[in-house]
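Below: one structure, written as structure tokens.
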Amino acid sequence: MTRTAMHMIKKGFSFQGPAEGVHALNSWITPEDDLFLVTHMGFLNIDPDHWHLDVDGLVGNPTRLRLADLQAMPQREYMSFHECAGSPLSPTVAKRRIGNVVWKGVPLLHVLEQAEISTDASYIWTSGLEWGEYAGIEDAYQKDLPIEKALAEEVLLALEINGRPLSPERGGPVRLVVPGWYGTNSVKWVGSITAANQRASGAYTTRFYNDPTPSGAKPVWSVAPESVIVSPSPNDLLLAGVPTKIWGWTWGDREISTVEVSVDGGGSWQRASVSPREDRSWQRFELPWVPASGQHVLLCRCTNKVGEGQPPLAARNAVHSVQVQVAA
Ligand SMILES: Nc1nc2c(c(=O)[nH]1)N[C@H]1C(S)=C(S)[C@@H](COP(=O)(O)O)O[C@H]1N2
Ligand SMILES: [Mo]
């Protein structure tokens with residue numbers, strides 16, 4: 001696509017999100033105004049009439065799709081939490097950039113089938129159309145997915161969020177959405193899809209978004225279990241002896257089975273009630289509380305169906321705490 005059919009709106013890394021952080025997340029579906037926005041190299045504004053997507057690599061039928069082609073294909077809706085992994089330069093800092101939205105689009109699977117993807121393909125690479133620099137490196141925003149995830153029914157070439165077309169800032173007219181995996185994988189302003197038999201070699205799959213572990217680098221893919229306290233917030237006025245409730249959201253690639261809450265800085269823990277999930281939505285947890293006067297440190301921690309939990313500190317999914325003051 002020619003560069004005249006698109007231009008960058010705001011160059012450089014940018015993050016936007018609610019000033020109150022997670023305490024703004026009062027509703028089951030996060031309105032776009034409260035949903036964070038992230039970009040590494042800038043926001044791209046694309047003329048939808050000129051947008052197209054090339055599907056190539058290990059395919060029998062290399063394909064070019066325009067917006068109208070995607071609009072004519074069967075679409076589905078999928079509810080999912082959407083979480084940024086935080087800065088790839090400081091992967092152990094918890095940023096808690098999170099929301100829960102409904103995406104609508106064409107399953108990636110259908111597009112790959114139409115292109116007659118080869119059985120030799122083991123990775124799907126996707127690239128954004130923007131250009132620029134991040135952390136001193138100039139490279140395309142290219143990500144990859146192992147073929148098993150790329151063919152999963154929930155992975156979409158999304159055209160809508162919460163019932164509205166994607167805005168330019170949100171990655172419109174078409175972006176990839178990879179429910180259950182960190183936001184970094186959900187490539188905005190997608191322009192090409194390549195089937196390959198190895199991982200992509202660009203900066204965003206090799207240098208950034210790989211966590212160091214004792215057994216080597218681990219790609220930032222599946223979302224680890226996490227929970228946050230929405231209410232009370234540090235600014236709430238709480239009164240001793242007046243019943244209230246502690247509630248928040250919990251999520252992960254795998255469904256969460258238990259959430260525990262502490263009202264004494266982690267000295268003791270009580271089991272909260274947890275709602276079931278829909279698709280890959282977040283889940284609500286709640287614990288009734290009759291506070292005593294004074295200062296309290298509230299904490300929450302979750303466990304998923306296979307027993308994975310949250311580290312206390314120094315991880316992107318570290319335990320969340322809120323300090324509150326209770327008046328006598
Ligand atoms: N093309 C492109 N896609 C991108 C990015 C980017 O910089 N360029 N940032 C990623 C990151 S790190 C996140 S968290 C999500 C943010 O999506 P949102 O802005 O819609 O919340 O987009 C991802 N997709
Ligand atoms: Mo992110």
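Table for the structure above
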item: Zone residues, segment 58-83, relative to residue 120, backbone N less than 19 Å from point 7 Å out along Cα-to-Cβ; result: 58-63
item: Placed amide H near residue 281: partners under 5 Å, 5+ positions off or other chain; result: 81
item: Potential extension, residue 152-residue 245 segment - 0.36 nm per residue separation minus Cα distance; result: 29.7 nm
item: Whole-Hz ³J(HN,Hα) from phi, Karplus 6.51 cos²θ - 1.76 cosθ + 1.60, for segment 106-112, glycine and proline x; result: 8, x, 3, 3, 5, 5, 5
item: Computed label-point distance, nm, for sites residue 68 and residue 207 using a 7 Å Cα→Cβ extension; result: 4.1 nm
item: Principal axis dimensions, largest first and in whole angstrom, of segment 226-327 by Cα; result: 40, 28, 22
item: Contour excess over end-to-end distance, with Cα ends at residue 270 and residue 54 and 0.36 nm allotted per residue; result: 72.5 nm
item: Evaluated at q = 0.09 Å⁻¹: base-10 log I(q)/I(0), Debye formula over Cα of the chain; result: -0.49
item: Sequence ranges 21-29, 156-164, ranked by mean other-Cβ count within 10 angstrom, highest first; result: 156-164, 21-29
item: 222 nm mean residue ellipticity, helices alone, for the chain (DSSP H n ≥ 4; -39,500 (n - 2.57); rounded to 500); result: -1000 deg cm²/dmol
item: Residues 8, 41, 79 arranged by fewest to most Cβ contacts within 10 Å; result: 8, 79, 41
item: Residue pairs, from the table 149/188; 95/305; 95/149; 143/218; 188/218, whose Cα atoms sit over 21 Å apart; result: 95/305; 95/149; 188/218
item: Highest to lowest packing among 142-149, 30-37, scored as the average C-beta count within 10 Å; result: 142-149, 30-37
item: Segment 21-75-segment 220-252 distance, computed between alpha-carbon centres (Å); result: 30 Å
item: Relative packing of 182-195, 80-93, 56-69, which averages over residues the other C-beta atoms within 10 Å, highest first; result: 182-195, 80-93, 56-69
item: Coarse-grained scattering of segment 6-142 at q = 0.22 Å⁻¹, given as base-10 log I(q)/I(0) from a Debye sum over alpha-carbon atoms; result: -1.35
item: Binned Cα-Cα distance frequencies in segment 195-248 - 5 Å width, integer %; result: 4, 12, 15, 14, 9, 7, 8, 9, 8, 7, 4, 2, 1
item: Residues of segment 65-94 with amide N under 15 Å of a point placed 7 Å along Cα→Cβ from residue 238; result: none
item: Kirkwood hydrodynamic radius of segment 132-188, from inverse mean 1/r over distinct Cα pairs, in Å; result: 12.5 Å
item: Alpha-carbon centroids, segment 287-328 and segment 131-199: separation in whole Å; result: 33 Å
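Values quoted throughout were computed directly from the atomic coordinates according to the rules given, and no laboratory measurement underlies them. Everything numeric in this text was worked out from a predicted model, so none of it was measured. Because the Cβ atoms are built from the backbone with ideal geometry, glycine has one as well, and the counts that use them run over all protein chains shown.
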